[in-house]
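Remarks on the structure that follows.
The values are calculated or read from the model by the stated rules, or taken from the named source; none is laboratory data. Note that the structure is predicted; figures quoted are calculated from it, not measured. Don't worry about glycine lacking a Cβ; one is built from the backbone with ideal geometry, like all the others, and counts go over all protein chains shown.
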Amino acid sequence: MKPLFQYYKCGTSLLSLSCTDTDSGPNGDCSISILTGDDMTQPKFEISGTKLKTSANTIDYETMTHTTYSLVVIGKDNPSTGSPKTGTAYVFITIEGENEFNPNFASNMDISISEDIALGSTIVKYTATDKDTGTDGDLKYNIKSVTNSGADVFKVQTETGNILLSKPLDYEKVNKYVIVVVSTDGGGKTIYNRY
């Protein structure tokens, strides 16, 4: 079965199940149910007829304690006399997160630095956050633009968001730069911030 993404609508059909019995009449009629493997307090899955479906309980990847389910599904016949006979099958479901949140910078900031700061020095570390988990929440940073022809004066460490000085400053020529930094998460969502 393909991975299941969070926030499927209630009642979304995931899989058709089959239960057969060679007996004839009511003795061969089968019913299917989930025996074990689902959340006990808030089941995520249900069986309707022969369809495995999502239940009314939300599947939210960021709040889940586990992201794989090993459902034991039982098929039971309906004999007119005697005890029902059963058979079991296993359904393995993996839940994957979706890139639902955007990166977020706390705010823009103004900083002052000395013009004689050493090359390679960290000017500022400004980090974004992303509520997604896994690679969707991994952030990378880039400089989108710098005013006053300052594109080569600063660089950013892609993984950390540290803004570094890469060329000497000269207050008499330029006394202010505006740096627009881009943060992109592993799912491709982007946010901009200005320094």
Test: Ser33 is exposed (fewer than 14 other Cβ atoms within 10 Å of the Cβ) and assigned to a strand (DSSP E or B): yes
Where a residue in the range 152-177 is of a type in the set (Ser, Thr, Tyr) and its partner, wherever it lies, is part of a loop (DSSP other than H, G, I, E, B) and loosely packed, with under 12 Cβ neighbours inside 10 Å, with Cβ under 8 Å and at least six apart: Ser166/Leu119; Ser166/Gly120; Ser166/Asp152
Breaking point among (1) closer than 30 Å to Lys167 by Cβ; (2) surrounded by 12 or more Cβ atoms within 10 Å (Cβ to Cβ); (3) at pLDDT below 85, for Val124: (3)
The range 95-115, residues that are surrounded by 12 or more Cβ atoms within 10 Å (Cβ to Cβ) and within 26 Å of the chain's Cα centre (by Cα): Ile95, Glu96, Gly97, Glu98, Asn99, Glu100, Phe101, Asn102, Pro103, Asn104, Phe105
Residue match in the range 72-86 (condition: closer than 29 Å to Thr133 by Cα and over 24 Å from the mean Cα position of the chain (by Cα)): yes
Selection from the range 141-173 of residues that are under 15 Å from Ile111 (Cβ atoms) and outside any strand (DSSP E or B): Thr147, Gly150, Val153, Gly161, Leu169, Tyr171
Residue that is surrounded by the fewest Cβ atoms within 10 Å (Cβ to Cβ), among those in the range 41-76 that are among the hydrophobic types (A, V, I, L, M, F, W, C) and modelled with pLDDT under 85: Met64
Of residues in the range 127-140 being part of a loop (DSSP other than H, G, I, E, B) and either small (Gly, Ala, Ser) or touching a residue at least 60 places away in the same chain (Cβ under 8 Å) (or both), the one surrounded by the most Cβ atoms within 10 Å (Cβ to Cβ): Asp132
Test: residue in the range 20-35 that is without any contact (Cβ under 8 Å) to a residue 60 or more places away in the chain and either under 25 Å from Thr133 (Cα atoms) or in the same structural domain as Thr135 (by TED's automatic domain parsing) (or both): no
Residues (outside any strand (DSSP E or B) and more than 23 Å from Ser33 (Cα to Cα)) located in the range 65-103: Thr65, Gly97, Glu98, Asn99, Glu100, Phe101, Asn102, Pro103
Among the candidates Gly161, Gly137, residue that is in contact with an Asp or Glu (Cβ under 9 Å, 6 or more places away or on another chain) and of a type in the set (Gly, Ala, Ser): Gly137
